1. Take the residues in the stretch 163-206 that are in contact (Cβ under 8 Å) with a residue 60 or more places away in the chain, assigned to a strand (DSSP E or B) and touching a helix residue (DSSP H, G or I) at 6+ places or on another chain (Cβ under 8 Å); name whichever of them is nearest to residue 16 (Cα to Cα).
2. Would you mind finding the one in 51, 106 that is in contact with a strand residue (DSSP E or B) (Cβ under 9 Å, 6 or more places away or on another chain) and surrounded by 20 or more Cβ atoms within 10 Å (Cβ to Cβ)?
3. As an exercise: evaluate residue 119 against (1) surrounded by fewer than 18 Cβ atoms within 10 Å (Cβ to Cβ); (2) over 26 Å from residue 203 (Cβ atoms); (3) in contact with a strand residue (DSSP E or B) (Cβ under 9 Å, 6 or more places away or on another chain) and give the number of the one condition it does not meet.
4. Name, by its number, the condition in (1) buried (at least 20 other Cβ atoms within 10 Å of the Cβ); (2) assigned to a loop (DSSP other than H, G, I, E, B) that does not hold for residue 144.
5. Please go through the stretch 9-21 and give me each residue that is over 18 Å from the mean Cα position of the chain (by Cα), part of a helix (DSSP H, G or I) and closer than 19 Å to residue 197 by Cα, ordered by number.
6. Please give the number of the condition residue 132 fails out of (1) within 16 Å of residue 197 (Cβ to Cβ); (2) surrounded by 14 or more Cβ atoms within 10 Å (Cβ to Cβ); (3) more than 16 Å from the chain's Cα centre (by Cα).
7. Could you tell me whether the stretch 26-41 includes any residue that is farther than 26 Å from residue 150 by Cα and at pLDDT 95 or above?
């Protein structure tokens with residue numbers, strides 16, 4: 001049976017002067033999730049937005065809020081992200097000293113548990129905790145900035161991770177974040193991806209709703 005893939009447009013690329021309008025566009029589109037990138041200027045060399053902006057988005061979004069924390073010491077803020085509506089909370093493997101404990105805390109707050117891996121981090125490192133993870137986000141660009149080129153090695157990581165998940169009989173989703181376009185969407189899905197994050201490709205296109213539909217039908 002073919003898996004149905006999800007589309008999670010990244011609001012990092014949205015027009016922040018018209019954020020309510022952008023949220024309403026996503027609500028009306030075939031997008032499945034809102035992907036929200038939180039950056040602290042420490043873990044990654046960029047600062048994006050934080051809890052007040054997500055609180056605002058939550059008031060207008062009618063879909064799953066997929067919050068991706070590119071921050072150091074994410075444990076400090078888990079309860080706060082729950083309070084502003086996060087449904088999926090993803091932390092970086094590289095930012096967590098005690099990953100298992102962090103995942104337990106996210107679960108205790110009744111959110112889906114996500115773990116993101118930077119391009120250089122091997123998927124095999126997740127083997128001991130894979131059964132505690134609802135979503136693995138594979139970074140297909142170096143985290144921090146939108147509009148980067150897709151890293152080709154990602155296909156191999158997706159295939160390897162898909163084999164690990166299937167071998168354990170788990171339902172963990174694989175999410176791809178960075179440089180996703182129509183030129184690689186189908187190949188990623190075929191390799192085993194479940195969720196495609198697209199920022200600039202969606203929001204900078206002439207017709208974002210049509211672009212989302214195209215990705216959904218890839």
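The values are calculated or read from the model by the stated rules, or taken from the named source; none is laboratory data. What you see is a predicted model; the values in this text were computed from it and never measured. Glycine gets a Cβ as well: all are built from the backbone with ideal geometry, and neighbour counts include every protein chain shown.
1. Top of the filtered list is 198.
2. Step by step, each of 51, 106 is checked, and only 106 is in contact with a strand residue (DSSP E or B) (Cβ under 9 Å, 6 or more places away or on another chain) and surrounded by 20 or more Cβ atoms within 10 Å (Cβ to Cβ).
3. The failed condition is (2).
4. (1)
5. Answer for the stretch 9-21, where residues must be over 18 Å from the mean Cα position of the chain (by Cα), part of a helix (DSSP H, G or I) and closer than 19 Å to residue 197 by Cα: 16, 19.
6. Single failed check for residue 132: (1).
7. Yes.
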